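A short worksheet on the structure shown next.
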Amino acid sequence: MSATLVEIDRETLREKLERGDQLVLVDALGPVSYAAAHLPGAVNIPPERVDALAPRRIPSLLSEVVVYCANPACTSSVEVATRLVELGYRNVSHYAGGKEDWRDAGLPLEGSRA
């Protein structure tokens, strides 16, 4: 993992979302998984689409960005977060627990199967 990639835990992320902090939450899973369930307000940017989608979905390189995927074993979020850093995004965090950790804590998801 890139040395510039910072980890964020569930509680810190939940607090940021509840406060209404300005951040872009990125679901790094495929579009079908994203449509089924994602963290509230997340945008979908899978690894193979980072270069095409990031400039539109995260217009400012200074935006706070938090990237997650399914669970700690899922590597898509690391790939996406690392690529965002390579593209010049300066405030990228990785939520390793992902959707599974969020759901297990009883926190809400959005989507067709949330």
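Checking each residue in the stretch 96-114 for being charged (D, E, K, R) and assigned to a helix (DSSP H, G or I) picks out Lys99, Glu100, Asp101, Arg103, Asp104.
Restricted to the stretch 1-95, the set of strands (runs of 3 or more DSSP E) holding at least 1 residues that are open to solvent by less than 50 Å² (accessible area, probe 1.4 Å), polar (S, T, N, Q) and in contact with a helix residue (DSSP H, G or I) (Cβ under 9 Å, 6 or more places away or on another chain) comprises 91-95.
A count restricted to the stretch 90-112 and to residues that are over 27 Å from Leu62 (Cβ atoms) and not polar (S, T, N, Q) stands at 10. A Cβ distance below 7 Å, combined with a sequence gap of six or more or placement on separate chains, defines the contacts here; from the stretch 38-49, residues that are at positive phi reach residues that are not in a loop (DSSP other than H, G, I, E, B) in the pairs Gly41/Leu25.
The values are calculated or read from the model by the stated rules, or taken from the named source; none is laboratory data. Quick caveat, the model's predicted, so the values are computed rather than measured. No Cβ is skipped: glycine too gets one built from the backbone with ideal geometry, and neighbour counts run over all protein chains shown. Remember, those area values only see protein heavy atoms, side chains included, never the ligands or the DNA or RNA. Shrake-Rupley method; radii C 1.70, N 1.55, O 1.52, S 1.80 Å.
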